[in-house]
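The values are calculated or read from the model by the stated rules, or taken from the named source; none is laboratory data. Since this is a predicted model, take the numbers as computed values, not measurements. Glycine also receives a Cβ, built like all others from the backbone with ideal geometry; neighbour counts cover every protein chain displayed.
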Amino acid sequence: MQLTIKHTAERPQNVRNIFLVKDVNVLKDFGFSKEALAFVEAKLESKEKLITIQNYHIVYYVRVVSEGELTNNLYEALRKDGAQIYNSLKTDKQTGVCIYDVIGEKQLTLALTEGLALASYQFTKYKTDKKEEPNDFTVWVASAVLNKGELDELRQLCNAVFVTRNLVNEPVSTLNVEELSETISELGAIHGFDVEIFDKAKLEILKFGGLLGVNKGSIDPPAFHVLEWKPEEAKNSKPIVLVGKGVVYDTGGINLKTPPGSLDDMKSDMGGAASVLGAFVAIASNKLAVHVIGLIPATDNRPGGNAIVPGDVLTMHNGKTVEVLNTDAEGRLILADALSYAEKYEPELVIDLATLTGSAVMALGQYGTVGMGTAPDKDFQALEAAGNLVYERVVRFPFWEEYGELIKSEVADIKNLGGREAGAITAGKFLSHFVNYPWIHLDIAGPAFVKKEDSYRGNGASGVGVRLLYEFLKNRY
């Protein structure tokens, strides 16, 4: 499916129309009858904000915004309204819609457009009934305060989210490590960022003990991907480094996942890697003036004949030793090597994203991302502000020294598992042993993959992290 977002000064033909207004009387200028205006007024009195007017095949949508209502919650409400309208269009087999911005508030129109665009995503690659194939979808925007460049930026951002969703939704049978590497290389060539891939032999030379250890149970070799976007006009002298966990499928290893349903969505355990890749697509296609490096360690986690077992000790890239207590705590092992490798870039800031712990899901469900780390407060505050605006909210967890006591090992430097309590935090404490720079850890286990329809986030991969990182980096520079 091809998503198109266009600026227009003329009224497109044969598409439905959405009117974004504060004063319903302006609808007279668009030919609304007295009866239609009375209908809108009656709906407003019953506290409805999104109003559908239908007369046989003619359908109009009116979204009324109250004075003084500009908040992040309103932007999210508009995105959800966009998704609701898209579902109506889809039911009626409509492939286009025009938004008329009668208010002149740029952010409101962008939010409504974004909701429509993101809701149009569908993963139908494996459907054999071609009638279910999605049609191309076009959103025209008539606005005096928005220009073509701003709408192109939004379209490319939404398409980057689709890249991430596609990768996370793809089964491991068609997206193993080799195929992930090929996809990363292809996207780099298309969008203009550099890609270097380390094979198993190089990883052995670099002593990536965590990544190699997790990979021991697999018949497919691991890979480590280095992505770089460095435009000549980059405003940062030291790079921002983004690290994404790339476990293309997680069985749990020898500690096989056994609860009913626990394996069903483990193709999504590379959600962090997909989010970093989607962020690179958004950054490069929109040519942000920022130097960014991406690090993606990739493997599957299988209980093969040579798989690591509880009690094994791994020597990591930075020389620290790790006692393995549970092979299902594998994501932190591969991230640790990537985080210690990031030191060579002398980064301004490192952000990692990972579907890391069930503890994060228990804490926040699908409604937020767990954050923690060593970065200055201003960096956390900027990331939280970006998350609130795009509604990919980050909740900063405490990072007290006492949590570090829970991962001390009797036989190695640290162990890869704490107790039942504070599991998301002890996972972060584990990772902190491999960083010596400003760092933020984002556990996206809750929002990365939703198991039932969630407005414009859809069902399955949500693409969380792409819009968050893009907004954060765009605002930072």
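Condition check for residue 210 on (1) in contact with a Gly (Cβ under 9 Å, 6 or more places away or on another chain); (2) assigned to a helix (DSSP H, G or I): one failure, at (1). Within the stretch 229-254, being touching a residue at least 60 places away in the same chain (Cβ under 8 Å) and within 22 Å of residue 173 (Cα to Cα) holds for 244, 245, 246, 247, 248, 249, 250, 252, 253, 254.
Restricting the first member to the stretch 168-190 and to residues that are over 27 Å from residue 446 (Cα atoms), and the second to residues that are among the aliphatic types (A, V, I, L, M), the beta-carbon pairs closer than 7 Å and six or more apart or on different chains are 185/195; 188/195; 188/227. Given the structure, is residue 282 closer than 15 Å to residue 184 by Cα, assigned to a helix (DSSP H, G or I) and touching a Gly at 6+ places or on another chain (Cβ under 8 Å)? For residue 282, the condition - closer than 15 Å to residue 184 by Cα, assigned to a helix (DSSP H, G or I) and touching a Gly at 6+ places or on another chain (Cβ under 8 Å) - is not met. The number of residues in the stretch 233-271 that are surrounded by 23 or more Cβ atoms within 10 Å (Cβ to Cβ) and not in a helix (DSSP H, G or I) comes to 12. Quick test of your reading of the structure: residue 88 fulfils all but one of (1) in contact with a Phe, Trp or Tyr (Cβ under 6 Å, 6 or more places away or on another chain); (2) within 26 Å of residue 166 (Cβ to Cβ); (3) of a type in the set (S, T, N, Q). Name the failing condition by number. With (1) in contact with a Phe, Trp or Tyr (Cβ under 6 Å, 6 or more places away or on another chain); (2) within 26 Å of residue 166 (Cβ to Cβ); (3) of a type in the set (S, T, N, Q) applied to residue 88, the lone miss is (1).
If I filter the stretch 305-326 down to residues being touching a helix residue (DSSP H, G or I) at 6+ places or on another chain (Cβ under 8 Å) and farther than 28 Å from residue 437 by Cα, which single residue comes out as surrounded by the most Cβ atoms within 10 Å (Cβ to Cβ)? Looking at the filtered set, the residue picked out is 308.
From the residues in the stretch 345-370 that are of a type in the set (Gly, Ala, Ser) and either surrounded by fewer than 18 Cβ atoms within 10 Å (Cβ to Cβ) or in contact with a helix residue (DSSP H, G or I) (Cβ under 7 Å, 6 or more places away or on another chain) (or both), which one is farthest from residue 458 (Cα to Cα)?
Just the residues of the stretch 345-370 that are of a type in the set (Gly, Ala, Ser), to begin with: 354, 358-360, 363, 365, 368.
Pick out the ones that are also either surrounded by fewer than 18 Cβ atoms within 10 Å (Cβ to Cβ) or in contact with a helix residue (DSSP H, G or I) (Cβ under 7 Å, 6 or more places away or on another chain) (or both) and you get 354, 358-360, 363, 365.
On the way: 354: 20, 358: 22, 359: 24, 360: 21, 363: 22, 365: 16 Å.
Filtering first and then ranking leaves 359.
Quick one: would you say residue 207 is surrounded by fewer than 21 Cβ atoms within 10 Å (Cβ to Cβ), more than 15 Å from residue 294 (Cα to Cα), touching a residue at least 60 places away in the same chain (Cβ under 8 Å) and of a type in the set (Lys, Arg)? Please lay out each step first, then the result.
Details: surrounded by fewer than 21 Cβ atoms within 10 Å (Cβ to Cβ): yes; more than 15 Å from residue 294 (Cα to Cα): yes; touching a residue at least 60 places away in the same chain (Cβ under 8 Å): yes; of a type in the set (Lys, Arg): yes.
Yes.
Per the conditions (1) within 30 Å of residue 112 (Cα to Cα); (2) hydroxyl-bearing (Ser, Thr, Tyr); (3) assigned to a helix (DSSP H, G or I), the sole criterion not satisfied by residue 367 is (3).
Looking at (1) buried (at least 23 other Cβ atoms within 10 Å of the Cβ); (2) under 22 Å from residue 467 (Cα atoms); (3) assigned by TED's automatic domain parsing to the domain that holds residue 339, can you tell me which one residue 139 breaks? Result: residue 139 passes all but (3).
I'm trying to understand the selection: among the residues of the stretch 302-354, which are of a type in the set (Val, Ile, Thr) and not in a helix (DSSP H, G or I)? Write out each step before concluding.
The first filter runs over the stretch 302-354 and keeps only residues of a type in the set (Val, Ile, Thr), leaving 308-309, 313, 315, 321-322, 324, 327, 334, 350-351.
308, 309, 313, 315, 321, 322, 324, 327, 350, 351 - these are the residues of the stretch 302-354 that are of a type in the set (Val, Ile, Thr) and not in a helix (DSSP H, G or I).
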